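Report on the following structure.
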Amino acid sequence: MKKIFTIILLMATWLLPSCDKTPINGDMDGMWQLMTIQYKDLSEKQPEQLYYCIQLHMVQLQGAAFCSGTFQHTGDSIQMVIRQQNIDAVSAYGMNDTIQKFYIEQLSSQKMVLKSSFARLSFRKF
């Protein structure tokens, strides 16, 4: 009886779906630490402990303020829409609007560089 219960328990765990979401954005999914912000005037800022968390179609900005929103990844660009925040809240993250379009300059499993008309953001995978 104990063997049958063990077999049924093992089969049930194999058949149950996992709660984890499969990454749909390739290397972009994950937690990224913002390392440098280079503005159009070539001035540079090295923020402390600011993060972009990207998964599925959601983005969270963590550190200076907590902001969340959605994004759309199309080819070599990404457009973020940060909800219920103002420009002051997102400016610490290298954005000059709550709707920001970025060109993806570089993306690997360890490094990401995004460029907008406002700034160039360099990240490392955290």
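Some observations on this one:
- Neighbour-limited loop hits for GluC sites (Glu not before Pro), segment 26-108 (at most 11 other Cβ within 10 Å; DSSP other than H, G, I, E, B): Glu48
- Asp88-Lys125 pseudo-label distance in nm [points 7 Å out on the Cα-to-Cβ vector]: 3.7
- Debye intensity ratio in log₁₀ form over the Cα atoms of segment 47-113, taken at each q of 0.12, 0.27 Å⁻¹: -0.28, -1.41
- Accessible surface, per residue, of segment 75-126 when the full set of protein chains is kept, probe 1.4 Å, Å²: 53
- The label-point distance for Gln106 and Met58, in a model that sets each label 7 Å from Cα toward Cβ, rounds to 3.0 nm.
- Taking the 1.4 Å solvent-accessible surface of segment 47-126 as the whole, the part contributed by carbon and sulfur is 46%.
The values are calculated or read from the model by the stated rules, or taken from the named source; none is laboratory data. It should be emphasised that the depicted structure is a prediction, and the values quoted were computed from it without experimental measurement. Backbone-built Cβ (ideal geometry, glycine too); neighbour counts: all protein chains shown. Accessible surface is based on the protein model in full, side chains and every heavy atom, while ligands, DNA and RNA are left aside. Shrake-Rupley method; radii C 1.70, N 1.55, O 1.52, S 1.80 Å.
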